[in-house]
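Reviewing the structure listed below.
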Amino acid sequence: MRRVRYYEFGGPDVLRVEKTEVPVPGAGQVLIAAEAIGTSYVDTAMRRGISPLGQPTLPGSPHGDVVGTVEATGGDVGAAVVGQRVVALVAASSPGKLEFARQHGADVGICYADADWAEQVRAAAPDGVDVILDSVGGQVTATSMELLAPFGSLRAAVQATFPLEEAAQAHALLEDRSRLGRVLLVP
């Protein structure tokens, strides 16, 4: 298995692709054969050592979303999920990005930088939303999942795809903050 790591804080050039043992899933976990891995701006801040989530530790790894197939399960996870395709994709912070979301089918655009954004969503869709177009990740995604209607889905538009070995270029694209869709790494 390959992974992206960094052993010092800095720019995209500190990212390294390395081989490692395939992990064994523990209780409540699954092992996913990744087809694509999402990248996020939060990961670039952590890589620089300035995360708003607290001081990152070294060595570090980006914590992207993943699309793939379940290969193995741990402890209390039923074996029936083996072979199932999973998508764990991770709203917008500017008028241009809100417009981009509307162009991709959003009925309502709400700025996640507003302190009351979740309440705005609940007011617009009291029964929950059917689709979330989210490229932020972290707490925004966690809150978004609480706002999702039963049988709703997360969706993401992809702007760029890079081979895993080009993780530094993916981070550089994230840092310029001009992207409108997801930036993915492909193993």
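The values are calculated or read from the model by the stated rules, or taken from the named source; none is laboratory data. All figures in this text were calculated on a predicted structure; none of them were measured in a lab. Counting neighbours? That spans all protein chains shown, and the Cβs are built from the backbone with ideal geometry, glycine included.
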ask   = In the range 173-183, how many are within 21 Å of Gly10 (Cα to Cα) and touching an Asp or Glu at 6+ places or on another chain (Cβ under 9 Å)?
value = 1
ask   = Considering Ala92, Ala118, Ala113, which residue is within 18 Å of the chain's Cα centre (by Cα), aliphatic (A, V, I, L, M) and at pLDDT 80 or above?
value = Ala113
task = Return the only residue of Thr44, Thr73 being surrounded by 17 or more Cβ atoms within 10 Å (Cβ to Cβ), at pLDDT 85 or above and more than 30 Å from Glu175 (Cα to Cα).
result = Thr73
request  = Could you grab me the full set of residues in the range 131-154 that are surrounded by fewer than 15 Cβ atoms within 10 Å (Cβ to Cβ) and modelled with pLDDT under 80?
outcome  = Gln139, Ala142, Met145, Ala149, Pro150, Phe151, Ser153
task = Kindly list the number of the only condition in (1) over 22 Å from Glu165 (Cα atoms); (2) out of contact with any strand residue (DSSP E or B) (no Cβ under 9 Å at 6 or more places or on another chain) that fails for Val70.
result = (2)
remark   = Within the range 167-185, residues acidic (Asp, Glu) and in a loop (DSSP other than H, G, I, E, B) come out as Asp176
